[in-house]
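Let me begin by presenting the structure, written as structure tokens, before commenting on it.
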Amino acid sequence: MKPKQIKGVPRQKSGGFHDTESQKQFEQAIIPLQYEILKKRFFAINKWKSYCGEAFAEFKLHDFNGDPVDREPQKGDFVRIDIPGPGETEAKGYDWVEITDLCYYQDTVSESITMTCRPSKDPKNDKNTHIAHFYNAGATSTFMIYRNPSHLKAAVYGRNESPNFNAKLIDIIRNIMTAAGGIMGIAKIQWKQLTDGFLDFD
């Protein structure tokens, strides 16, 4: 199976990948209202865990200085990820990504937003410049929401996923195991919980 070619999603070059999508049909008249709710959920990164259960990772938005914020994300912000289980020892148990791209697309019949994140260093740790994430710096996760006259879609597209070997030995072992789980499909299951949760309006 080949990765989908999606506008705003980096090209797959090497390593693992996944295309995780959820889709729901609605009456055309309520699509705009439901999409506004979906946008609020998409941009409320600090609340993502509430859409996918206690076993899921916790996400916290931080600004370009690494200070926690409660607002819509911006390019250059960081997201701190608390994954269940052991975390990055040099980053106080957390994984970090930087929001490297935030794009809006619209035409006469459809609209979408993509947000691409890439593994990063801990923005508060000036002494350590290595990537604080189980994937290396070449990996990306692109989050997307989309609407057209018949349905809404929420998706996460992982590209170029390979373990991060630039770390302490204990972290390398942890990175290999966590990355292997992601590449084998465990991460896709968790992302599906999130995309399904985004579209749960009941």
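The values are calculated or read from the model by the stated rules, or taken from the named source; none is laboratory data. A quick note: this is a predicted structure, and the numbers were derived from the prediction, not measured. Cβ: placed from backbone, ideal geometry, glycine included. Neighbour counts: every protein chain shown. When the accessible area is computed, the model is the full protein with side chains, heavy atoms only, and any ligands, DNA or RNA have been set aside. Shrake-Rupley method; radii C 1.70, N 1.55, O 1.52, S 1.80 Å.
Worth pointing out:
- Checking each residue in the range 47-63 for being at pLDDT 95 or above and either open to solvent by 40 Å² or more (accessible area, probe 1.4 Å) or farther than 20 Å from T142 by Cβ (or both) picks out K47, K60, D63.
- If only residues of the range 106-122 that are in contact (Cβ under 8 Å) with a residue 40 or more places away in the chain and hydroxyl-bearing (S, T, Y) are counted, the one that is surrounded by the most Cβ atoms within 10 Å (Cβ to Cβ) is T116.
- Residues of the range 14-28 that turn out to be closer than 14 Å to S141 by Cβ and polar (S, T, N, Q), as a count: 1
- Highlighted here are the strands (runs of 3 or more DSSP E) found entirely within the range 1-120 that include at least 2 residues which are under 17 Å from N160 (Cα atoms): 16-25, 95-106, 111-119.
- Subset tally (residues that are open to solvent by 20 Å² or more (accessible area, probe 1.4 Å) and either aromatic (F, W, Y) or farther than 20 Å from I131 by Cα (or both)) for the range 66-77: 5
- A Cβ distance below 7 Å, combined with a sequence gap of six or more or placement on separate chains, defines the contacts here; from the range 1-19, residues that are within 10 Å of G158 (Cα to Cα) reach residues that are open to solvent by 40 Å² or more (accessible area, probe 1.4 Å) and basic (K, R) in the pairs H18/K188; D19/K4.
- Of all residues in the range 1-28, those satisfying the criterion of being more than 29 Å from F201 (Cβ to Cβ) and either of a type in the set (D, E) or exposed (fewer than 13 other Cβ atoms within 10 Å of the Cβ) (or both) are M1, K2, Q5, R11, K13, S14.
- Taken over the range 59-83, residues that are among the charged types (D, E, K, R) and under 14 Å from the mean Cα position of the chain (by Cα) amount to 5.
- Being open to solvent by 10 Å² or more (accessible area, probe 1.4 Å), touching a residue at least 12 places away in the same chain (Cβ under 8 Å), in contact with a Gly (Cβ under 6 Å, 6 or more places away or on another chain) and among the basic types (K, R) is a condition met by no residue of the range 143-151.
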